[in-house]
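Q: Sharing a structure with you now.
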Amino acid sequence: MVNDAPPLLDIDGVTFGYERQPLMYKLHVQVRAGEMVGLLGPNGSGKTTLLRLISGVLRPQQGHIRLQGRDLRQWGRRAVARRIAVVPQTLHMPFSFTVEQMVSLGRTPFINFFGSFSKRDRGVVQDALQAADAVSIAQHTFNNLSGGEQQRVLIAMALAQEPELLLLDEPTAHLDIKYQVEVLELAQRLNRERGMTVIAAMHDLNLAARYFPRLLLFQRGVVADAGPAEVLQPGLLSRVYGVSVQVGILRGSEYLSVLPPGSAASGDESSVPALPRVHVMAGGGSGELLMRALADVRIPFVAGALNIGDSDHTLALRLAAQVITEQPYAPISPAAIEQVAASLTQVAQLIICPMPIGPGNVSLLREALAAARRGLPVLLLSPYDALKSIDEAQTLAARDYTGGEATKLLAELIERGALAVDSVAAALEAVKRSLPMTT
């Protein structure tokens with residue numbers, strides 16, 4: 001049954017960064033009421049920043065965050081606090097508050113001008129204590145509790161806000177396994193019994209697979225958005241986290257497990273990556289159709305160098321066997337160029353997509369030309385199909401922001417035998433002819 005209700009949360013084209021360093025670019029995510037979403041990604045990927053944007057602590061530099069169809073900035077801080085609650089990793093209190101006093105702080109958005117609690121406020125606090133299984137420690141000093149107990153109290157304090165959306169920032173960090181399970185069981189129960197929408201930034205991939213039916217793999221943008229089986233793919237995780245893993249179902253379990261290489265998992269033999277056979281140079285969305293087509297026919301490829309935040313980079317993290325990554329808006333660095341050069345000595349085909357060429361990425365064409373001089377076959381994807389001769393290379397001018405250097409490099413590529421193709425289908429046919437295909 002299709003849910004036609006508007007999303008509870010709509011992140012629409014959000015861009016944000018610190019000190020001119022973009023952390024996310026034109027992010028689009030929707031979350032419907034009652035969902036339970038795990039937010040995954042390596043340290044520094046922007047998970048905590050995203051939670052702060054959703055809670056209104058930070059404001060997008062571009063784009064909008066809408067709660068129930070209304071821009072977050074139009075709600076006002078008090079109204080947002082009545083609908084969105086945040087549970088931080090830790091909270092250091094300078095005062096010796098009891099647990100009950102801590103939970104009572106969650107009623108702050110609701111108390112009247114005189115700061116007095118109503119009968120209903122006190123009832124909500126008791127209900128929150130009970131829901132978080134914290135009644136027995138209500139009179140204990142918060143600072144004297146164990147980490148797991150403190151986390152339960154912070155959730156109770158959030159519940160006292162009576163939120164529709166609960167944000168958890170790595171709720172199992174620094175907890176032993178007993179408390180990790182307790183905290184996530186509590187979040188799951190609140191979602192199931194109260195219909196509370198939960199978004200949690202997660203560090204532990206196995207716990208995320210166990211408790212969250214929807215996972216967002218985040219790397220300064222959404223790399224994958226689906227269930228655990230689709231998101232926790234070995235190749236994708238290795239590209240995002242920079243470490244090889246196995247993913248499978250352990251004997252006697254019903255949930256996916258992420259394991260170190262060589263561990264005994266069953267149900268997935270795809271953790272051994274295929275060697276790339278094609279290198280794709282793209283950018284700005286110019287490689288989307290080609291990369292999808294290569295993935296569909298299971299031709300492993302390298303993509304890059306691509307800047308984080310580029311739509312081609314986000315897609316390549318999902319589909320490519322290897323992604324050569326550069327920082328957002330930065331020119332291609334010497335280290336990335338070394339990776340490109342090394343790749344071009346290993347693959348059997350280079351495909352250059354119709355990307356804009358500027359001073360920051362013209363070095364890619366230089367490497368392409370060096371590889372062509374060594375005999376590497378090169379395909380130029382439309383609109384480079386117009387380049388039937390050196391004289392016609394001037395048709396690139398609209399995409400050449402290098403003062404003419406890119407046009408000259410492409411002209412020499414054509415002189416060296418680069419083949420211009422007018423469609424992705426034609427490119428695939430050319431690749432299949434040039435590669436020894438295996439079944």
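The values are calculated or read from the model by the stated rules, or taken from the named source; none is laboratory data. Keep in mind it's a predicted model, so treat the numbers as computed, not measured. Cβ placement follows ideal geometry from the backbone for every residue including glycine, while neighbour counts extend to all protein chains displayed.
Q: Output yes when any residue across region 295-309 is of a type in the set (D, E, K, R) and at positive phi, and no when none is.
A: Yes, region 295-309 contains a residue that is of a type in the set (D, E, K, R) and at positive phi.
Q: Here is a follow-up. Test of understanding: among 332, 351, 324, which residue is surrounded by 15 or more Cβ atoms within 10 Å (Cβ to Cβ), under 20 Å from residue 401 (Cα atoms) and of a type in the set (A, V, I, L, M)?
A: After ruling out the rest, the residue left standing is 332.
Q: For region 292-314, which positions are buried (at least 22 other Cβ atoms within 10 Å of the Cβ) and either touching an Asp or Glu at 6+ places or on another chain (Cβ under 6 Å) or more than 21 Å from residue 327 (Cβ to Cβ) (or both)?
A: Of everything in region 292-314, those that are buried (at least 22 other Cβ atoms within 10 Å of the Cβ) and either touching an Asp or Glu at 6+ places or on another chain (Cβ under 6 Å) or more than 21 Å from residue 327 (Cβ to Cβ) (or both) turn out to be 294, 301, 305, 306, 307.
One line per residue, one yes/no per condition, for (1) in contact (Cβ under 8 Å) with a residue 60 or more places away in the chain; (2) assigned by TED's automatic domain parsing to the domain that holds residue 14:
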{"position": "189", "(1), (2)": "no, yes"}
{"position": "199", "(1), (2)": "yes, yes"}
{"position": "203", "(1), (2)": "no, yes"}
{"position": "207", "(1), (2)": "no, yes"}
{"position": "217", "(1), (2)": "yes, yes"}
{"position": "220", "(1), (2)": "yes, yes"}
{"position": "238", "(1), (2)": "no, no"}
{"position": "241", "(1), (2)": "yes, no"}
{"position": "244", "(1), (2)": "no, no"}
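Q: I'm trying to understand the selection: among the residues of region 196-212, which are part of a loop (DSSP other than H, G, I, E, B), within 19 Å of residue 54 (Cβ to Cβ) and within 17 Å of the chain's Cα centre (by Cα)?
A: Listed by number, the residues that qualify are 202, 203, 212.
Q: Please go through region 335-348 and give me each residue that is out of contact with any Asp or Glu (no Cβ under 8 Å at 6 or more places or on another chain), buried (at least 17 other Cβ atoms within 10 Å of the Cβ) and in contact (Cβ under 8 Å) with a residue 60 or more places away in the chain, ordered by number.
A: Within region 335-348, 343, 347 qualify.
Q: Is there any pair linking a residue in region 302-325 that is within 15 Å of residue 279 (Cα to Cα) to one that is charged (D, E, K, R) and part of a strand (DSSP E or B), with Cβ under 8 Å and at least six apart or on different chains, and which?
A: 304/326; 305/326; 306/326
Q: Out of all the residues in region 91-108, is one or more surrounded by fewer than 18 Cβ atoms within 10 Å (Cβ to Cβ), in the same structural domain as residue 199 (by TED's automatic domain parsing) and either more than 22 Å from residue 151 (Cα to Cα) or of a type in the set (Lys, Arg) (or both)?
A: No, that holds for no residue.
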